[in-house]
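I have placed the structure first, in the form of structure tokens, so that the comments after it can refer back to it.
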Amino acid sequence: MASRGVGDYAPGMKPLRLRINEIFHSVQGEGTRAGVRCVFVRLTGCHLRCTYCDTEYAFYEGGWQTLDQICDTVRGFDCPTVEITGGEPLLQPAVFPLMTRLADACELVMLETSGAVSIAEVDPRVVRIVDLKCPSSGEVERNHWPNVALLTPRDEVKFVIGDRADYEWSRGVLREHRLSERCTVLFSPVFGKLAAVELASWLLADRLDVRLNLQLHKFIWPPATRGV
């Protein structure tokens, strides 16, 4: 992966920087690429406070790195797949040139975003995984609905479901917006709160064209393990 200055420097300006919580090499735990090795670039900061959040440490912890430093670290893992995550990564404007640089150099770049920020400016080569917030998250009113119209078959939508009310709300959104015709749709049980077998039974009973999504990394490592 090349570590070029394009997008990082401009005449008379300091290099663009991002506040990074962690960069690590692991297996993808969720979505259609679960099990594939992947480099994760986790950005610091989030404006939401979901009730089930499992990365609260990313709210404030982290240090500043230039785009060159980030790209050099990613390159060191010699991995074709990268995911930008958070926190909410789209809160930091310099993430957009970072995604472009990574897309120039890597086979696959993914973005995991809360769905509360516009994805309109994301490089079109990046796979956008949009987490629409269900009622039990406490943040359902923060969903940025114009994002739905921007989704393509390459993208994914995730619903993190904590109870039957969340499921019925998600089912309604799925049907209203015909999401299964737009992209892959993931229904995920809140780990430790809703049993996967219960969510699976609801999906089967309603014959929903969605994918049951489990957090693979929480079955491989202890659920609170960081950097995996």
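Please treat every number below as a calculation from the coordinates, not as lab data. Treat the numbers as computed from the prediction; the structure is a model and nothing was measured. Positions of Cβ are backbone-derived with ideal geometry, glycine not excepted, and every protein chain shown enters the neighbour counts.
Some points to look at:
- Derived scalar couplings between HN and Hα for the stretch 155-162 equal 8, 9, 10, 10, 10, 9, 10, x Hz in order, rounded to whole Hz, by the Karplus curve 6.51 cos²θ - 1.76 cosθ + 1.60 (θ = phi - 60°), x for Gly and Pro.
- Of the beta bridges in the chain, as assigned by DSSP with both residues counted there, near 30 percent are antiparallel.
- Under the convention that each Lys and Arg Cβ holds +1 and each Asp and Glu Cβ holds -1, the size of the dipole of the chain around its Cα centre is about 120 debye.
- Separation in nanometres of the label points that stand 7 Å from Cα toward Cβ, at residue 54 and residue 145: 3.0
- Checking every one of the GluC sites (Glu not before Pro) in the stretch 91-146 against DSSP loop status and a limit of 12 other Cβ atoms within 10 Å picks out 107, 121.
- Cβ crowding within 10 Å, taken as a proxy for footprinting-reagent exposure, orders 201, 180, 188 from fewest neighbours to most as 201, 180, 188.
- Of the trypsin sites (Lys or Arg not before Pro) found in the stretch 17-69, those in coil by DSSP whose Cβ has at most 13 other Cβ atoms within 10 Å are 49.
- When the helices of the chain are scored as -39500 (n - 2.57) per DSSP H run of n ≥ 4 and the total is divided over every residue, the value at 222 nm lands at -6500 deg cm²/dmol.
- Extreme residue, positive dipole direction of the chain, given options 46, 186, 172 (C-beta unit charges): 186
- Relative contact order computed over the stretch 62-203 (Cα-Cα under 8 Å; 6+ residues apart), in percent: 17
- Selection from 15, 80, 92 lying farthest towards where the dipole of the chain points positive, charges on Cβ: 80
- Inter-part distance where the stretch 62-112 and the stretch 160-176 are each reduced to a Cα centre, Å: 31
- Candidates 136, 157, 34 compared by Cα position along the dipole of the chain: farthest toward the positive end lies 34, with charges placed on Cβ.
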